[in-house]
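One structure is given below, encoded as structure tokens.
Derivation of every value follows stated rules applied to the coordinates shown; laboratory data play no part. These numbers come from a predicted model, not from an experiment. Here the Cβ positions follow ideal geometry from the backbone for every residue, glycine too, while neighbour counts run over all protein chains shown.
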Amino acid sequence: MRRWILAVAAVLALASVGCTGSRMVLGTPPPVARDAFTYRPIECRPGRVLATAPVEPPPKLDLKPPAPALPDHDPAWEANGASRPWRWIVIHHSATEKGGAAAFDDFHRNGRRWDELGYHFVIGNGTGSGDGEVEVGSRWPKQKHGAHCRVGDNEEYNYFGIGICLVGNFDRSSPSEAQMASLCRLVEYLAARYRIDGAHLIGHGAVGDTRCPGRCFPFDRLFARLHAARQGFAIAR
Ligand SMILES: [Zn+2]
């Protein structure tokens, strides 16, 4: 009986102090930490963490066709801000041998009592400005209507027409090569930028009671140049 009591006492003693050989501990298990089940990144190798950041959605595809490139042009011809809904390009001559934007501006303000230069662009002949030099009128950056082609009470060509004046009297002579080259380049740009087709490229005399831009103005050469520069430019007469 004494042996049996000693054996039970030995088992109880072992249970209370643990079995150090296998590190196993008997008794009440330790409490589970509250954050024991929170997610922890998996490290597959030192310094690299997988799947911890939200996945970015793929970029949306832009399915719109790219805008067609505009023809070569002078940056000064670009009007900032909202543009007027231009639908005509109206060509004029100054009917003078000499001149330029500054001289015509003075005449329109002080001679005609207009608000400012009536044209949007002036192409020089080497007198008041360079031969073929394109001067941008003060209306253009403001996208203001023109004062160059009133037909009776009809303001269509002033309100929606871009006025281009070439310096010279083309009842007597033709524009210079430099003027024609600049005119073609300017019209190419404006027609593409404002989607104006050849039917809406006109001389002043096509709608007004005037010979402007003169009997010698070479519309054939202009349209031939435009057609060569942009295949498909509609030639309207
Ligand atoms: Zn005119």
In whole Hz, the Karplus estimates of ³J(HN,Hα) for region 170-183 (6.51, -1.76, 1.60; θ = phi - 60°; x where Gly or Pro) are 8, 7, 10, 8, 9, x, 6, 4, 5, 5, 5, 5, 5, 4
Scoring region 82-229 by relative contact order with C-alpha pairs under 8 Å, at least six apart, yields a percentage of 32
For region 103-110, Karplus-derived ³J(HN,Hα) couplings (6.51, -1.76, 1.60; θ = phi - 60°; whole Hz; x for glycine and proline) come out as 5, 5, 4, 5, 5, 5, 6, 9
Output ordering of 96-107, 138-149 (per-residue mean of other Cβ within 10 Å, highest first) is 138-149, 96-107
Contour minus Cα-Cα span, ARG172 to LEU63, at 0.36 nm per residue, comes to 33.8 nm
Residues meeting the amide H criterion for HIS92 (H placed from the backbone, H to H distance under 5 Å, 5 or more places apart or on another chain) are ILE164, CYS165, LEU166
Using alpha carbon centers only, region 101-158 is separated from region 166-225 by a whole-angstrom value of 15
In order over region 185-196: 3J(HN,Hα) from phi, Karplus 6.51/-1.76/1.60, θ = phi - 60°, whole Hz, x for each Gly or Pro, gives 5, 5, 5, 3, 5, 4, 5, 6, 5, 10, 6, 9
Straight-line reach check, LYS142, cutoff 14 Å on alpha carbons, 8 or more apart in-chain or any other chain, hits among aspartates and glutamates -> GLU78, ASP115, GLU116
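So if each residue of separation counts as 0.36 nm, and I subtract the Cα-Cα distance between ARG211 and ASN154, what length gain in nm does that give? Mind dumping the intermediate values first?
Working: separation 57, 0.36 × 57 = 20.52 nm, distance 1.85 nm.
Working it through step by step, the gained length comes to 18.7 nm.
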Placing each pseudo-label 7 Å from Cα in the direction of the beta carbon, ASP220 and ASP74 end up separated by a distance in nanometres of 3.0
One would report the Cα pair-distance distribution of region 131-204, bin width 10 Å, in %, as 16, 47, 34, 3
Here, region 82-229 modelled as identical Cα point scatterers in vacuum has Debye log10 I(q)/I(0) at q = 0.13, 0.17, 0.21 Å⁻¹ of -0.51, -0.92, -1.50
